[in-house]
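The values are calculated or read from the model by the stated rules, or taken from the named source; none is laboratory data. Since this is a predicted model, take the numbers as computed values, not measurements. We place every Cβ from the backbone using ideal geometry, glycine too, and count neighbours over all the protein chains shown.
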Amino acid sequence: MFRTHHCNSLHKSDIGRQVTLAGWVNVTRDHGGVIFIDLRDRQGLTQVVFRPEENAELAKQAHTLRGEDVIQVSGAVAARPPGTENPNLATGDIEIIPNELRILNRADPLPFPLDAEPQNEDLRMTHRYLDLRRPRFARNLRIRHRAAKATRDYLDSQGFVEVETPILSKSTPEGARDFLVPSRVTPGKFYALPQAPQQYKQLLMVAGVEKYFQIAKCFRDEDLRADRQPESTQIDIEASFVTPDDIFAVTEGMLAAIFKAARDIDIKTPFDRLTYREALDRYGSDKPDRRFEMEVVEVGEIFRNSSFKVFRGTLDAGGVVKAFNGKGFAGITIGQADELTEIAKLHGAKGLAFIKVENGEWKSPIVKFFSDAEKTALQSELNIEEGDCVFFAADKWEIACQVLGRLRLRIAEMQKLMPAGETWNFLWVTDFPLIRTRTNGTRCIIHSLDPKPKTCRCLTRRNFLRFAPRLTTLF
RNA sequence: GGAGCCUUAGCUCAAUUGGUUAGAGCGCCGCCCUGUCACGGCGGAGGUUGCGGGUUCGAGCCCCGUAGGCUCCGCCA
């Protein structure tokens, strides 16, 4: 047998047992005499102790071991001397006293440390097999595995049938550019890779499958972003003879099953629901982060007859005036104000108006244009108090929402409003528009959800999820 | 297609206003070290500051170009 146990499985009850382990040298602690090796395999770590007085030849070999050497060790499980147990290690009560050491493969010096989060993506990709050895990846791969298994088990229990659909297919009229694969048999012709299994699942519905799902790869040949990649995986579901509430319930149940299986987390169902319109109005985003407050408020009515031309002019032209209160942010620095102004301009605003409240005084170049009645109304509408900083956007509805949504997120970061640790805040965003107007004025029908990996990253990092069911996609 | 930022030792970073021989931690090599778990101690090697040009008495630092990377806009949703 190559190995008798994995590196997480030996405990006090195994003391005296003769075992064989195999894996990578995680770290060496060479005291000149006694040498400690942490041996790592896919399951965990086990300490191996070489003592020259017990086996001089083995100790001599052990001196030469370096990080990531691959070895096989046979020996006896022994109790650690009292006081030297390591409570941070699952196998911290025991250690291996080897009588045999086989060095299976020596490792070159590492191009980057495995125990720190490497910055250089290029380097990580060049040595991907090393990158994947880091505990975070081992963990993520298993979370993904358990999530996929829970998805299949749950949807199976609900009567859904998993169907694989073709990857080589014909281009479909969705918005994104297709990846193209040249056909050998028909020169000059190309296959397209699917942006989503849209046509196929609708075909299955017409064919009477009634309940279909697939863990589907989707491809889009568009320029990259931090939260976008050219291929991604989505859980694709289609059902016949159902109501929207049926789909909400199935999806909530599936997510609960996934979180339980993958992370042992119990999530609260049913989820809150917000319409698309409401999400933009209150949070300036179709994927609102509701882990903190700072809601956007419509203040247009206050300035309907204002003498402040910027607001009045926007309203007269059919635009809106919206604002939110950055609680306790009157200490905003010039650098922060500049950055926020840049963000506002980047998303279409002409500038950024804000009011600081310090020493009972409203400080801003625009305050002098406000009447007392307007100030009173603002104060009550936005709950303005000493130390606050109120941010305004006056523009077309979409732009005002987007600008304030971006500012809201950045200010939350500046003020560290996101709760530390894991919090889960699920939300359905419903009633998405079915037709989208591009910036060049042309319009297109929205066919399917954008399967952004940010949604996946949210699971592990930002801890909130966006779901936007649309009738065209789900029913 | 466009814009911004970045590029200094194997890795992560530093280097005052343009000024001596470009430093530190980790890693690597050597020596020492018998209970560590990020072991410790002493010593050493390792650099065309991405590349090309320019300004200057003098450039890691300023300017121009170029390559690569990251982020954003367009695009995508």
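Checking each residue in the stretch A:126-145 for being crowded, with 16+ Cβ neighbours inside 10 Å and basic (K, R) picks out A:R133, A:R134. When A:D236 is tested against (1) farther than 25 Å from A:A148 by Cα; (2) out of contact with any Ser or Thr (no Cβ under 8 Å at 6 or more places or on another chain), only condition (1) is not met. Elements of the type helices (runs of 4 or more DSSP H) sitting completely within the stretch A:243-353 and holding at least 1 residues that are within 16 Å of RNA strand B (Cβ to nearest atom): these cover A:276-283, A:334-346. Scanning the stretch A:88-111 for residues that are without any contact (Cβ under 8 Å) to a residue 60 or more places away in the chain, farther than 23 Å from A:T64 by Cβ and touching a helix residue (DSSP H, G or I) at 6+ places or on another chain (Cβ under 6 Å) yields nothing.
Taking residues in the stretch A:225-237 that are assigned by TED's automatic domain parsing to the domain that holds A:Q198 and among the small types (G, A, S), and partners anywhere that are away from RNA strand B (no atom under 11 Å from the Cβ) and in a strand (DSSP E or B), the pairs with Cβ atoms closer than 8 Å and at least 6 places apart or on different chains are A:S232/A:K217. Checking A:A138, A:A176, A:A148 one by one, the residue that is within 16 Å of RNA strand B (Cβ to nearest atom) and either of a type outside the set (D, E) or within 28 Å of the chain's Cα centre (by Cα) (or both) is A:A176 and no other. Considering only residues in the stretch A:275-288 that are within 8 Å of A:V429 (Cβ to Cβ) and buried (at least 20 other Cβ atoms within 10 Å of the Cβ), the one that is farthest from the chain's Cα centre (by Cα) turns out to be A:A279. Of all the numbered requirements in (1) more than 28 Å from A:L141 (Cα to Cα); (2) buried (at least 18 other Cβ atoms within 10 Å of the Cβ); (3) more than 9 Å from RNA strand B (Cβ to nearest atom), A:T91 misses one, and that requirement is (1).
In the stretch A:38-62, of all residues being under 17 Å from A:S9 (Cα atoms) and within 12 Å of RNA strand B (Cβ to nearest atom), the one that is surrounded by the most Cβ atoms within 10 Å (Cβ to Cβ) corresponds to A:T46. When you look at A:I237, is it more than 20 Å from A:I143 (Cα to Cα) and in a strand (DSSP E or B), yes or no? So A:I237 passes the test.
The number of residues in the stretch A:353-389 that are out of contact with any helix residue (DSSP H, G or I) (no Cβ under 8 Å at 6 or more places or on another chain), within 16 Å of A:K322 (Cβ to Cβ) and surrounded by 14 or more Cβ atoms within 10 Å (Cβ to Cβ) comes to 2.
At pLDDT below 95, outside the structural domain of A:R142 (by TED's automatic domain parsing) and either in a strand (DSSP E or B) or within 15 Å of RNA strand B (Cβ to nearest atom) (or both): does that describe A:L65? Against the criterion (at pLDDT below 95, outside the structural domain of A:R142 (by TED's automatic domain parsing) and either in a strand (DSSP E or B) or within 15 Å of RNA strand B (Cβ to nearest atom) (or both)), A:L65 qualifies. Within the stretch A:333-344, is there a residue that is assigned by TED's automatic domain parsing to the domain that holds A:D281, of a type outside the set (A, V, I, L, M) and in contact (Cβ under 8 Å) with a residue 40 or more places away in the chain? So far as the stretch A:333-344 goes, yes, one or more of its residues are assigned by TED's automatic domain parsing to the domain that holds A:D281, of a type outside the set (A, V, I, L, M) and in contact (Cβ under 8 Å) with a residue 40 or more places away in the chain. In the stretch A:10-24, the qualifying residues are those that are crowded, with 16+ Cβ neighbours inside 10 Å and either modelled with pLDDT under 95 or not β-branched (V, I, T) (or both), and the one that is nearest to A:A76 (Cα to Cα) is A:D14. Comparison of A:P182, A:P194 shows that the only residue that is under 21 Å from A:P230 (Cα atoms) and within 24 Å of the chain's Cα centre (by Cα) is A:P194.
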